[in-house]
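Okay, so here's the structure we're looking at.
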Amino acid sequence: MEYILIIISAVFVNNVVLTQFLGICPFLGVSNKVTTAFGMSGAVTFVMAIATLVTCLVQRYLLEAFGIEFMQTIVFILVIAALVQMVEIVLKKVSPSLYQALGIFLPLITTNCCVLGVAIMVVSKEFSFGGGEAHMLNLAQSVVYAVASAIGFGIALVLFAGLREQLELANVPKSFKGIPIALITAGILAMAFMGFSGLV
């Protein structure tokens with residue numbers, strides 16, 4: 001039951017894009033077509049799960065062990081950038097077709113504040129602490145929260161891309177064409193997601 005509450009909370013109630021305003025750059029930049037939105041969503045989910053797992057372990061066994069928690073942001077940025085590079089290299093060797101499918105999305109994830117934001121939130125929510133069996137359970141909760149946050153990001157991105165594709169066919173006033181109508185649409189979408197507040 002606890003995992004279901006974490007998933008509902010991360011996907012709908014505390015959506016990283018629409019309620020916490022993380023990952024706005026790819027949200028606006030990669031949402032022109034539904035197909036690219038799906039590609040970005042998949043890449044973000046993959047990287048966010050791995051990055052959260054690694055950053056939790058780094059926080060617990062490196063930063064806290066040596067009393068250098070103040071280095072958290074810098075270390076997490078370096079870890080995420082290194083992970084994205086490693087994933088890119090491994091995918092290029094192991095699965096060229098998947099690498100081609102992800103294309104430009106992998107390098108874009110390096111600058112996606114959504115990944116860093118979720119990694120920091122997981123540590124601040126203290127999903128990743130404890131010892132022995134409790135530690136493994138909490139590490140599992142961290143990864144579930146990260147994957148659910150990425151799914152929430154993906155849902156918002158795909159919905160927004162679909163709306164933007166429809167707006168291409170709509171008779172929008174000249175002064176609102178492009179980014180202005182996209183921002184208005186994003187605001188209305190965020191208001192729709194506010195309906196989930198208080199659910200969990």
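Just so you know, all these numbers are worked out from the coordinates, no wet-lab data involved. If you're wondering where the values come from, they're calculated on a predicted model, not measured in any experiment. Glycine also receives a Cβ, built like all others from the backbone with ideal geometry; neighbour counts cover every protein chain displayed.
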Item to check | Between helix 132-169 and the chain: long-axis angle, C-alpha atoms, 0 to 90°, nearest 10 | outcome: 10 degrees
Checklist entry - So which residue, out of Leu18, Leu139, Leu167, gets the largest mean-square fluctuation from a GNM of the chain using Cα contacts under 10 Å as springs? => result Leu167
Item to check | Value of [θ]222 nm, deg cm²/dmol, for the chain, DSSP H segments ≥ 4, -39500 (n - 2.57) each, nearest 500 | outcome: -23000 deg cm²/dmol
Next on the checklist: Below 8 Å, C-alpha to C-alpha, sequence gap of six or more: please give me the relative contact order for the chain in percent.
Outcome noted: 42 percent
Next on the checklist: What FRET efficiency comes out for Tyr3 versus Lys174 if R0 is 45 angstrom and r is the Cβ-Cβ distance? Round to the nearest 0.05.
Outcome noted: 0.40
Item to check | Label assignment, semi-axes √(5λ) of the Cα gyration tensor in Å derived from the structure, set [x] 25, 19, 15; [y] 38, 24, 16; [z] 31, 21, 14 | outcome: [z]
Checklist entry - Who wins for biggest fluctuation among Leu62, Leu106, Leu116 in a Gaussian network model of the chain, springs between alpha carbons below 10 Å? => result Leu62
Next on the checklist: Quick check: residue separation of Leu98 and Phe66 times 0.36 nm, minus the Cα distance between them. What number comes out in nm?
Outcome noted: 7.7 nm
